[in-house]
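Please treat every number below as a calculation from the coordinates, not as lab data. A quick note: this is a predicted structure, and the numbers were derived from the prediction, not measured. Here the Cβ is made from the backbone with ideal geometry for all residues, glycine too, and neighbour counts use every protein chain on show.
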Amino acid sequence: MEITINPEHVQAIKKCFTERFNGKFNSGSVPDILNHLASNYHIDEMSERLLRHLIAHIRKEDLLAPAFIMSRSGNGYWLTVDAKEQADFILQELNRVANIYGNYEKLHKRTRESAPKKAVQQMNIFI
């Protein structure tokens, strides 16, 4: 199922983060953000899945530069312009990805090696 990006929703989310969820100590969970969008921007129909998708879109397109929407389990989402916080965040995320791959590298290698090989016919060419 393809998710449509509504520019008005994107603008509302950007304003929501700029005004309310700005700084780590003002972080909010997905339900907090949805409640803020409903009460301040009259966006009632947004699902948690759609909100996460739109936050990902804002991140991918870097629509809040130089700020960035940060997230951490247990802390929720927040906006920051702090370059050190952003650098620490991306380093932590890259280390997390490397750790995940390290945990599954052997399985990945094994599944690639045990995948059925296509039969190759040998052709003898005589000139």
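Using the Cα centre as the reference, give the magnitude of the dipole from point charges on the C-beta atoms of the chain (Lys, Arg: +1; Asp, Glu: -1; all else neutral), rounded to the nearest 20 debye. Numbers along the way, then the final one.
Values: 17 positive and 15 negative charges, 163 e Å.
Dipole size: approximately 780 debye.
For the chain, build the charge dipole from Cβ charges (+1 Lys, Arg; -1 Asp, Glu) around the Cα centre, then report which of G23, L79, Y104 sits farthest towards its positive end.
Of the candidates, Y104 comes out farthest on the positive side.
Hey, can you grab everything whose amide H is under 5 Å from the amide H of Y77? Only 5+ residues off in sequence or another chain; H modelled, so Pro and N-termini drop out.
Those lying under 5 Å, H to H, from Y77 are G28, S29.
What pairs in K15/K60; K24/K60; K24/K109; K24/K106 have C-alpha atoms more than 28 Å from each other?
Values: K15/K60 17 Å; K24/K60 20 Å; K24/K109 40 Å; K24/K106 37 Å.
Beyond 28 Å between Cα atoms: K24/K109; K24/K106.
Which shape class applies to the chain: rounded if a/c is under 1.5, otherwise prolate when a/b exceeds b/c and oblate if not, where a ≥ b ≥ c are the square roots of the Cα gyration tensor eigenvalues? Please list the in-between numbers first.
Details: a/c = 3.02, a/b = 2.13, b/c = 1.42.
In terms of gyration-tensor shape, prolate.
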